[in-house]
């Protein structure tokens, strides 16, 4: 047993001992390639994911790694395996399934549809990271930046949800509600960008004034760094 693995198991035991009702109880799942050479950093990847869960304030109580040639098109982890995971979650009292990759909108929608029957929900890696940013954002500008990233992440999901509801109910209301939501998100996106532009101009003016007065500008928070970080995350694909 590797040192990292033993440390991780000890940490999980300690977390389980600290267990309290009402906490976020997480089942971590991921799909990895059957090609062993592609899984060299698997342990580090799972440890990183556990650390993200801990940062958010959740407790990892279950984990599952599945080896597949390719992620399942419909649910990423496969319908049969998802049913097994849901049964385990129900048995252990887990209320959140986190997938360690970036899922397609249709995949996360279908997983959440199945999880509803046990009162649980699913996030992918991006959802978790956005939630952490959101929890720790203090300034108005930072909160707006997080909301903008969340809208970019959720937009395709809204469209996919409408497609799924359309298939199930012959279009109509599901599609109409989706269009309304899409228009609302688009308007909100424009409003956020306008407000952020205002903050950027104000900050630039403050910097000019500080330089004119010979004051140190080190330590001024650049929200663009956060935007770039989130932008890079959102550009990733759900590949091994």
Task: The listed residue being assigned to a helix (DSSP H, G or I), surrounded by 13 or more Cβ atoms within 10 Å (Cβ to Cβ), modelled with pLDDT of 80 or more and within 21 Å of the chain's Cα centre (by Cα), out of 182, 135, 131 - done: 131
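Residues are listed down the side, and each one gets a yes or a no for (1) modelled with pLDDT under 80; (2) exposed (fewer than 15 other Cβ atoms within 10 Å of the Cβ); (3) in a strand (DSSP E or B); (4) in contact with a helix residue (DSSP H, G or I) (Cβ under 9 Å, 6 or more places away or on another chain):
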residue: 6; (1), (2), (3), (4): yes, yes, no, no
residue: 11; (1), (2), (3), (4): yes, no, no, yes
residue: 19; (1), (2), (3), (4): yes, yes, no, no
residue: 29; (1), (2), (3), (4): no, no, yes, yes
residue: 32; (1), (2), (3), (4): no, no, yes, yes
residue: 48; (1), (2), (3), (4): no, yes, no, no
residue: 51; (1), (2), (3), (4): no, yes, no, no
residue: 54; (1), (2), (3), (4): no, yes, no, yes
residue: 63; (1), (2), (3), (4): no, no, yes, yes
Task: Members of the stretch 94-113 found to be farther than 20 Å from residue 49 by Cα and either outside any helix (DSSP H, G or I) or in contact with a helix residue (DSSP H, G or I) (Cβ under 6 Å, 6 or more places away or on another chain) (or both), listed by number - done: 105, 106, 109
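Conditions tested, residue by residue: (1) more than 12 Å from residue 29 (Cβ to Cβ); (2) outside the structural domain of residue 30 (by TED's automatic domain parsing).
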position: 67; (1), (2): yes, no
position: 73; (1), (2): yes, no
position: 77; (1), (2): no, no
position: 80; (1), (2): yes, no
position: 94; (1), (2): no, no
position: 97; (1), (2): no, no
position: 110; (1), (2): yes, no
position: 120; (1), (2): yes, no
position: 144; (1), (2): yes, yes
Open item on the list: Can you tell me how many residues within the stretch 125-139 are in contact with a helix residue (DSSP H, G or I) (Cβ under 8 Å, 6 or more places away or on another chain) and without any contact (Cβ under 8 Å) to a residue 60 or more places away in the chain?
Closed with: 3
TODO: Just one of (1) surrounded by fewer than 19 Cβ atoms within 10 Å (Cβ to Cβ); (2) modelled with pLDDT of 90 or more trips up residue 140, so point out which.
DONE: (2)
Open item on the list: For the stretch 68-78, give me the residue count where each residue is in contact with a helix residue (DSSP H, G or I) (Cβ under 9 Å, 6 or more places away or on another chain) and loosely packed, with under 12 Cβ neighbours inside 10 Å.
Closed with: 1
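The values are calculated or read from the model by the stated rules, or taken from the named source; none is laboratory data. This one's a predicted model, so the numbers in the text were calculated from it and none came from an experiment. We place every Cβ from the backbone using ideal geometry, glycine too, and count neighbours over all the protein chains shown.
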